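Enquirer: Structure incoming, see below.
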Amino acid sequence: YAHLEFFRDEFLKLYLSDIEFSDDEFWNMYEVDKDGATRMKKEFFDVGYDARLGRTWGITSFIGNNQSVESREFKRRLLLSYILVNRYGPAWLPTGFLHVTYPENALVIFSPDDPWGLRARPDLPMNELGTIKATLQSENPLRKPVWTGLYYDETGGKWTITFEMPVDYQGRHLINPSLDVSLESIMNRLDSGHPEGAYN
């Protein structure tokens with residue numbers, strides 16, 4: 001919970017700052033595939049170095065082909081989230097896979113072993129499925145952080161549980177910082193992390 005509160009606060013500081021991005025800066029990082037989905041370029045999943053961000057790797061981003069990326073404000077939210085996911089995703093990996101979802105059908109994720117955003121099917125309706133849907137104002141009017149139920153992530157090929165926190169500003173839903181925890185990692189912790197004298 002504390003990780004996502006921290007992410008929320010850092011995001012809002014950036015969102016309310018005067019940081020802006022040009023369309024060229026956005027399209028230097030993203031491209032539209034043959035099926036109309038918008039994806040972060042593969043080079044941002046591979047290891048690289050940036051003068052301002054330092055080492056960059058393991059990040060993908062996906063915007064379904066049912067979602068326009070014309071809005072400059074939407075593109076700004078995507079790039080602000082990228083900065084923070086790149087900064088905190090590696091450090092928080094022992095807790096879970098850090099990602100940000102949007103009420104628009106989009107995601108930015110740090111997942112160094114799986115280029116999720118490059119593999120998601122182009123018409124994947126993430127914001128109509130349970131994970132993002134649980135954060136929408138119509139489904140979550142109290143704006144509380146939520147644990148999803150256990151679900152099968154078809155793109156990642158894993159059973160997963162997600163903890164997510166809706167972030168609003170002036171009544172508008174902006175993002176959901178989230179942590180994915182795989183069932184496999186939970187089972188591994190149960191198997192290896194038991195107290196002395198206990199067994200599984």
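Enquirer: Can you compute the radius of gyration and Dmax for the range 12-157, using only the Cα atoms, both in Å?
Expert: 14.9, 41
Enquirer: Still on this structure, I have one more. Dipole magnitude of the chain about its Cα centre, charges +1 at Lys/Arg Cβ and -1 at Asp/Glu Cβ only, in debye to the nearest 20? Don't jump to the answer; show the numbers that get you there.
Expert: Numbers: 21 positive and 30 negative charges, 48 e Å.
Roughly 220 debye for the chain.
Enquirer: Could you give the distance between the Cα centres of the range 15-50 and the range 142-172, to the whole Å?
Expert: First find each Cα centre; the distance between them is then 23 Å.
Enquirer: With r defined as the distance between the Cβ atoms of L53 and Y169 and R0 fixed at 25 Å, what FRET efficiency is calculated, to the nearest 0.05? Mind dumping the intermediate values first?
Expert: On the way: r = 24 Å, r/R0 = 0.97.
The computed FRET efficiency comes out at 0.55.
Enquirer: Given H placed 1.01 Å from N in the peptide plane, which residues other than close sequence neighbours of L174 have an amide H under 5 Å from its amide H?
Expert: V167, D168, Y169
Enquirer: Tell me, what is the Rg over Rh of the range 1-79, with Rh the Kirkwood radius over Cα pairs?
Expert: Working: Rg = 13.9 Å, Rh = 14.2 Å.
My calculation puts Rg/Rh at 0.98.
Enquirer: Hey, can you rank 81-92, 100-111, 135-146 by average C-beta count inside 10 Å, highest first? Present the calculation step by step, with values, prior to reporting the outcome.
Expert: On the way: 81-92: 19.2, 100-111: 23.7, 135-146: 13.8.
Result, highest mean first: 100-111, 81-92, 135-146.
Enquirer: Still on this structure, I have one more. If ligands, DNA and RNA are left out, what is the accessible area of M40 with a 1.4 Å probe, given in Å² to the nearest 10?
Expert: 0 Å²
Enquirer: Where in the range 20-86 are there GluC sites (Glu not before Pro) that are in a DSSP coil and have at most 15 other Cβ atoms within 10 angstrom of their Cβ?
Expert: Numbers: sites: E20, E25, E31, E43, E70, E73; in loops: E20, E70.
Of the GluC sites (Glu not before Pro), the ones in loops of the range 20-86 whose Cβ has at most 15 other Cβ atoms within 10 Å are E20, E70.
Enquirer: While we're looking at this one, here's another question. As a test of the formula, what do you get for the chain when each DSSP H run with n ≥ 4 contributes -39,500 (n - 2.57) and the sum is divided by the residue count, at 222 nm and rounded to the nearest 500 deg cm²/dmol?
Expert: Working: 6 runs with 56 residues, N = 200.
Result for the chain: -8000 deg cm²/dmol, rounded to the nearest 500.
Enquirer: Run the quick spin-label model on W27 and E70: label points 7 Å from Cα toward the beta carbon, then report their separation in nm to one decimal.
Expert: For the pair W27/E70, the computed spacing is 1.5 nm.
Enquirer: Let me ask you something else. Output the DSSP H helices from the chain with an along-axis C-alpha extent of no less than 20 Å and a mean Kyte-Doolittle hydropathy no less than -0.5.
Expert: Working: long enough: 72-88 (24 Å, -0.33).
Span-like helices, by this rule, are 72-88.
Enquirer: Also, I was wondering about something else. Non-local amide H neighbours of L124 (under 5 Å, H modeled in plane, Pro and chain starts lacking H): which ones?
Expert: For L124, the qualifying residues are N65.
Enquirer: How long is the gain from I19 to K41 if the chain were fully straight, where each residue apart is worth 0.36 nm and the alpha carbon distance is subtracted? Working shown, then result.
Expert: Numbers: separation 22, 0.36 × 22 = 7.92 nm, distance 2.22 nm.
Difference between extended and current length: 5.7 nm.
Enquirer: Quick one: Debye curve from the C-alpha atoms of the range 114-157, no solvent, what's log10 I(q)/I(0) at q = 0.24 Å⁻¹?
Expert: Rounded to two decimals, the profile gives -0.92.
Enquirer: Something else: Given contacts defined as C-alpha pairs under 8 Å and at least six residues apart, what's the relative contact order of the range 37-80, whole-number percent?
Expert: Working: 42 pairs, mean separation 16.2, N = 44.
Answer for the range 37-80 is 37 percent.
Enquirer: Which shape class, rounded, prolate or oblate, goes with the range 58-128 when its Cα gyration tensor gives a ≥ b ≥ c as root eigenvalues, a/c under 1.5 marks rounded, and past that a/b bigger than b/c marks prolate? It would help to have the intermediate numbers written out before the result.
Expert: Details: a/c = 2.27, a/b = 1.42, b/c = 1.60.
Judged from the Cα gyration tensor, the range 58-128 comes out oblate (a/c at least 1.5, b/c at or above a/b).
The values are calculated or read from the model by the stated rules, or taken from the named source; none is laboratory data. Here the structure is a predicted model, which means the values were calculated and not measured. Cβ sites come from the backbone with ideal geometry, for glycine too, and all protein chains shown count toward neighbours. Only protein heavy atoms, including side chains, enter the accessible area calculation; ligands, DNA and RNA are left aside. Shrake-Rupley method; radii C 1.70, N 1.55, O 1.52, S 1.80 Å.
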